[in-house]
Amino acid sequence: PPVIRREDYRAPDWLVPEVSLDFRLDPAATRVLARLEVTRNGDHARPLRLDGDGLVPLVVRIDGAAAADTWRMDGPALVIDLPGAAHVIETEVEIAPAGNTQLMGLYASGGLLCTQCEPEGVRRITFFPDRPDVLSRYTVRLEAGEATYPLLLSNGDRTDGGGLEDGRHWAEWRDPFPKPTYLFALVAGDLAANRDSFVTRSGREVDLAIWVKAADVGKTEHAMAALKASMAWDEQTYGREYDLGEFNIVAVADFNFGAMENKGLNIFNSRYILADPDTATDGDYDGVAGVVAHEYFHNWSGNRVTCRDWFQLSLKEGFTVFRDQQFSADQGSAAVGRIENVRALRASQFPEDAGPLAHPIRPEAYMEISNFYTATIYNKGAEVIRMLHTLLGAQAFRQGSDLYFERHDGQAATCEQFVQAMEDASGADLAAFRLWYAQAGTPRVRAAISHEPASGQARLTLGQSVPATPGQPVKQSMPLPLRVALFGELTGRVLAPEQVVVLDGPTKEVLFEGIGERPILSINRDFSAPVVVETDRSAADLAFLSANDDDPFARYEAMQQLMVDTLVVAVATGTADHAPVVEAVERTLTDPALDPAFVAEAVLLPSEAFVGDQMLVVDPPAIHAAREALRARIGTRLEEAWRAAYARGQADRYEYSPQAKGLRRLRTVALGYLAAAGVADAAALAFAQFDEADNMTDRQGALGVLANGRSAEREDALDMFYERYRGNGLVLDKWFTTQAVSTRDDCLDAVERLARHPDFTLANPNRLRALVGAFASNQRAFHDASGRGYRFLADMVIAVDRLNPSTAAKLIPPLGRWRRFDGARAGLMKAELRRVLEVPGLSKDVFEQASKSLG
Ligand code: B3K
Ligand code: ZN
């Protein structure tokens with residue numbers, strides 16, 4: 001497949017200021033009539049090129065006349081020679097949404113017809129210059145059978161509609177805001193709405209509706225509350241107001257991604273809309289609010305100001321993730337939110353940045369852009385925006401974002417223009433900061449503190465290095481904003497209050513005066529830079545910080561570092577001193593001043609994957625054994641404290657509040673430690689929690705604990721859960737995932753069996769991720785020495801690729817980590833990648849990921 005390069009960008013030859021689309025909808029055969037007003041862009045003689053993917057032109061008219069000799073097909077594209085500066089092009093095609101298993105373009109899900117057009121779906125619907133820098137005003141007419149499709153939605157506001165003969169009806173939608181193709185959307189179906197309204201700060205009333213299956217309307221309250229909160233928050237925090245009379249959200253069961261920000265018509269994976277206590281966990285509630293906010297915030301960061309080309313994807317995604325993280329922090333516990341952001345970054349982005357698929361947040365080249373909706377573009381992109389916020393301060397950052405929105409409203413912009421606006425508004429010099437857009441790889445920072453009691457001076461020595469990544473062997477130093485503070489070992493006092501130290505070269509020294517006692521270094525507080533920090537802090541220093549640091553993230557981080565250091569020693573030598581970890585966990589667990597939600601995060605051991613990431617050669621069975629041994633020790637030594645935490649979490653009845661959520665979380669964490677300790681009543685406690693729960697958080701938490709064990713209650717609980725929820729796809733996903741992430745030694749057998757279960761299907765991305773994606777994150781089972789786990793994943797990639805290439809390609813990265821494993825495992829992983837690459841007719845999505853992964 002050809003490689004597309006950022007440096008080859010050229011402005012479009014033709015623009016399309018106005019477009020009318022007319023859909024005669026039918027699942028088997030939908031007619032699409034398009035009328036494009038095209039204008040020549042600049043002084044050139046090049047023809048008009050309309051992208052198509054699998055389309056056959058039934059009609060092509062130029063300025064109202066059929067003109068067979070002036071157009072031709074060039075592969076999938078329609079090419080038309082045009083004499084003048086402006087013309088009207090009409091085309092007609094027929095497409096079959098029911099046969100669209102890629103879920104890209106117009107497709108059927110349940111009884112619905114819906115679209116997904118980002119990044120390049122419109123070319124599967126109609127002939128069009130399908131690129132984000134061609135902005136058009138859309139008028140859309142939808143026509144369909146009224147009994148099956150009583151609801152007809154598109155972007156913008158509804159302008160007209162009515163009945164037709166033979167049971168058909170129509171609706172017309174007009175979106176006054178010019179938008180790129182990827183934001184086009186339509187939905188047709190039989191849905192019911194939760195309706196509400198929002199009055200913007202300038203007094204305009206917006207009609208809000210969340211459309212779902214009639215039986216699910218009761219599960220949309222949380223999403224609606226989140227939508228209204230997001231609308232108010234964006235006015236408050238960024239001065240951004242909603243701009244249409246309607247805002248519609250539709251939930252669909254089959255969706256490649258989380259959700260999509262189509263102008264005025266967001267389409268969601270139903271897992272990010274539907275929530276009630278019986279079927280959604282507290283984590284699911286957070287996911288709903290976070291994704292509703294994210295998509296809403298795109299109305300400005302993405303829609304009003306969009307991307308010039310797909311290399312600029314992080315312009316909208318990194319910024320919008322940062323915005324949704326700020327929103328969530330403002331709504332709930334900022335400390336726990338930050339811990340979750342960082343945990344997600346370390347679980348998915350750090351490994352990506354250290355492997356064969358590493359790329360800068362603004363990539364230089366791609367074969368298939370769908371492969372670049374990555375943790376790097378999204379999550380590292382958000383960290384880069386956060387660093388700008390830290391470096392400039394909240395006020396200058398806001399002035400910069402105001403200038404960016406004002407300057408580029410209605411345009412397709414670049415990352416460079418965003419940084420330029422920040423620079424112009426703040427007066428800061430961001431020349432070196434731009435390296436964050438160009439260089440891949442996670443910087444490593446070495447930090448050491450020395451102290452001279454006689455002079456009262458402490459010297460902080462910092463060094464950075466950015467590792468080589470594919471295509472980037474040598475890196476420059478980048479500006480790293482590090483929040484730093486010093487604490488006194490003896491007095492526990494703050495010796496130096498927090499300051500932002502910018503490490504802007506390979507090394508730096510910072511001098512602190514008046515330091516009367518040995519200082520303990522607290523660094524990268526609140527995770528101010530997305531880096532790995534190496535220090536020589538002792539176990540005692542880390543334990544001190546885990547109990548005394550006044551930055552909650554730094555407290556969590558110190559505890560994690562202590563745990564990681566202990567596990568790395570245990571894996572390397574077969575044994576380690578567990579006592580410092582046990583004591584630190586005890587102090588945190590029994591500190592009455594701490595928020596239970598924070599405690600629950602802080603006392604959790606780092607994942608097996610994260611421990612593996614610290615090692616030269618990952619040894620999954622040894623890591624598993626070391627981690628389980630430490631878990632058992634923490635469980636046994638602190639049994640009474642865990643029982644107390646467990647009892648404290650017992651609520652009379654379900655309540656949705658930050659306090660209640662924290663207690664529920666801590667309760668299941670405590671149950672897990674009691675089970676790890678092997679206390680006699682662990683399975684009975686878990687089963688009782690499972691059976692008596694009045695909410696999904698407690699029920700699934702208990703089921704997860706049981707699923708890891710060998711009790712008689714285990715099978716009963718799994719069967720009961722299945723019977724109770726067999727009609728609910730989203731909950732059934734949890735049943736699959738719980739078994740796929742089990743720590744039992746027979747997990748792989750279970751996963752292979754579940755792949756033959758009648759409820760398993762390759763056609764639904766949620767179900768696929770629930771079983772296969774979850775399994776590939778299970779370090780012990782996936783890396784089984786036999787190679788069966790690798791073979792299973794490769795079989796799935798091959799099977800899914802025939803249906804849905806972009807979803808198949810997302811399963812490949814775990815196989816690309818082979819360089820980190822022993823020769824035998826690496827050989828087995830590479831053999832599976834080669835087997836995938838030999839499949840005839842492989843998609844370019846999978847080809848790109850598998851060939852790069854092989855290296
Ligand atoms: N912008 C969409 C991404 C759709 C990707 C399709 N491959 C979701 C989001 O980031 O909000
Ligand atoms: Zn997004």
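FYI, it's all coordinate maths here, none of it is from the lab. In this text the structure is predicted, and so the values were computed from the model without any measurement. Glycine gets a Cβ as well: all are built from the backbone with ideal geometry, and neighbour counts include every protein chain shown.
Among the trypsin sites (Lys or Arg not before Pro) found in region 440-499, those both in a DSSP coil and sparsely packed, with 12 or fewer other Cβ atoms within 10 Å of their Cβ, are ARG493. Around ARG493, with a cut-off of 13 angstrom between Cβ atoms, what is the net charge of the other residues, counting Lys and Arg +1 and Asp and Glu -1? It works out to a net charge of -3.
The GluC sites (Glu not before Pro) of region 776-855 that DSSP puts in a loop, and whose beta carbon has at most 14 other beta carbons within 10 Å, are GLU838. Value of Rg to Rh for region 306-438, rounded to two decimals, is 0.96; Kirkwood radius and Rg both from alpha-carbon coordinates.
Are there trypsin sites (Lys or Arg not before Pro) in region 693-794 that DSSP puts in a loop and that have at most 11 other Cβ atoms within 10 Å, and which ones? Provide the component values of the computation, followed by the final result.
Working: sites: ARG699, ARG710, ARG714, ARG724, ARG726, LYS734, ARG744, ARG753, ARG756, ARG767, ARG769, ARG780, ARG788, ARG791; in loops: ARG710, ARG726, ARG744, ARG756.
Those that pass, being in a loop and sparsely packed, are ARG710, ARG756.
Close amide H contacts of GLY52 (hydrogens built in the peptide plane, cut-off under 5 Å, sequence separation of 5 or more or a different chain): ALA77, LEU78.
First select every other residue whose beta carbon is under 10 angstrom from the beta carbon of ASP13; then total the charges, Lys and Arg +1, Asp and Glu -1.
Details: positive: ARG10, ARG40, ARG46, ARG49; negative: none.
Neighbour charge sum, excluding ASP13 itself: +4.
Counted residue by residue at 0.36 nm each, then reduced by the alpha carbon distance between them, the extension gain from THR200 to THR148 reaches 15.2 nm. Mean sequence separation of contacting Cα pairs (under 8 Å, at least six apart), scaled by the length of region 444-529, corresponds to a relative contact order of 36 percent. The spacing between region 250-316 and region 59-105, judged by their C-alpha centroids, is 31 Å.
Kindly identify region 415-492 as rounded, prolate or oblate by the Cα gyration tensor criterion: order the square roots of the eigenvalues as a ≥ b ≥ c, call it rounded if a/c is under 1.5, otherwise compare a/b with b/c, prolate if a/b is larger, else oblate.
Numbers: a/c = 3.41, a/b = 1.72, b/c = 1.98.
In terms of gyration-tensor shape, oblate.
Compute the FRET efficiency between GLU7 and GLU37 as 1/(1 + (r/R0)^6), taking r as their Cβ-Cβ distance and R0 = 30 Å, and round to the nearest 0.05.
Values: r = 31 Å, r/R0 = 1.05.
Efficiency, rounded to the nearest 0.05: 0.45.
List the aspartates and glutamates whose alpha-carbon lies under 16 Å from that of LYS852, not counting same-chain residues fewer than 8 positions away? Within reach: GLU352, ASP353, GLU364, GLU368, GLU832, GLU838. Remark: region 365-382, residue by residue, has Karplus-estimated 3J(HN,Hα) of 7, 8, 8, 10, 5, 4, 6, 9, 8, 10, 4, 5, 4, 7, 7, 5, x, 5 Hz, where x stands for each Gly or Pro and the curve is 6.51 cos²θ - 1.76 cosθ + 1.60 at θ = phi - 60°.
Rounded to the nearest 0.05, what FRET efficiency do GLN650 and ASP745 have when you use their Cβ-Cβ distance and R0 = 25 Å? Write out the running numbers ahead of the final one.
Details: r = 32 Å, r/R0 = 1.29.
E(calc), rounded to 0.05, equals 0.20.
Placing +1 at every Lys and Arg Cβ and -1 at every Asp and Glu Cβ, with all other atoms neutral, what dipole size does region 306-438 have around its Cα centre, in debye to the nearest 20? All intermediate terms of the calculation are to be shown ahead of the outcome.
On the way: 12 positive and 17 negative charges, 62 e Å.
The calculation lands at about 300 debye.
For the residue pairs LYS228/LYS734; LYS316/LYS844; LYS263/LYS380; LYS316/LYS734; LYS219/LYS810; LYS661/LYS810, alpha carbon separations beyond 27 Å are given by LYS228/LYS734; LYS316/LYS734; LYS219/LYS810; LYS661/LYS810.
Listed values for region 292-298 are Karplus-derived 3J(HN,Hα) couplings in whole Hz (6.51 cos²θ - 1.76 cosθ + 1.60, θ = phi - 60°), namely 4, 5, 4, 5, 4, 4, 4, and x replaces Gly and Pro.
Apply the a/c threshold of 1.5 to the C-alpha gyration tensor of the chain and tell me whether it is rounded, prolate or oblate. Working shown, then result.
Details: a/c = 1.72, a/b = 1.42, b/c = 1.21.
Verdict is prolate for the chain.
Taking Lys and Arg as +1 and Asp and Glu as -1, the other residues whose beta-carbon sits under 10 Å from that of GLY649 total +3.
Does region 35-145 classify as rounded, prolate or oblate by the C-alpha gyration tensor (a ≥ b ≥ c root eigenvalues; a/c under 1.5 gives rounded; else a/b over b/c gives prolate, otherwise oblate)? Write out the running numbers ahead of the final one.
Details: a/c = 1.95, a/b = 1.79, b/c = 1.09.
Verdict is prolate for region 35-145.
Rounded to the nearest Hz, the phi-derived 3J(HN,Hα) couplings of region 87-95 under the Karplus curve 6.51 cos²θ - 1.76 cosθ + 1.60 (θ = phi - 60°) are 9, 10, 10, 10, 9, 9, 9, 10, 10, where x marks glycine and proline. Region 185-214 and region 522-592 have Cα centres lying 47 Å from one another.
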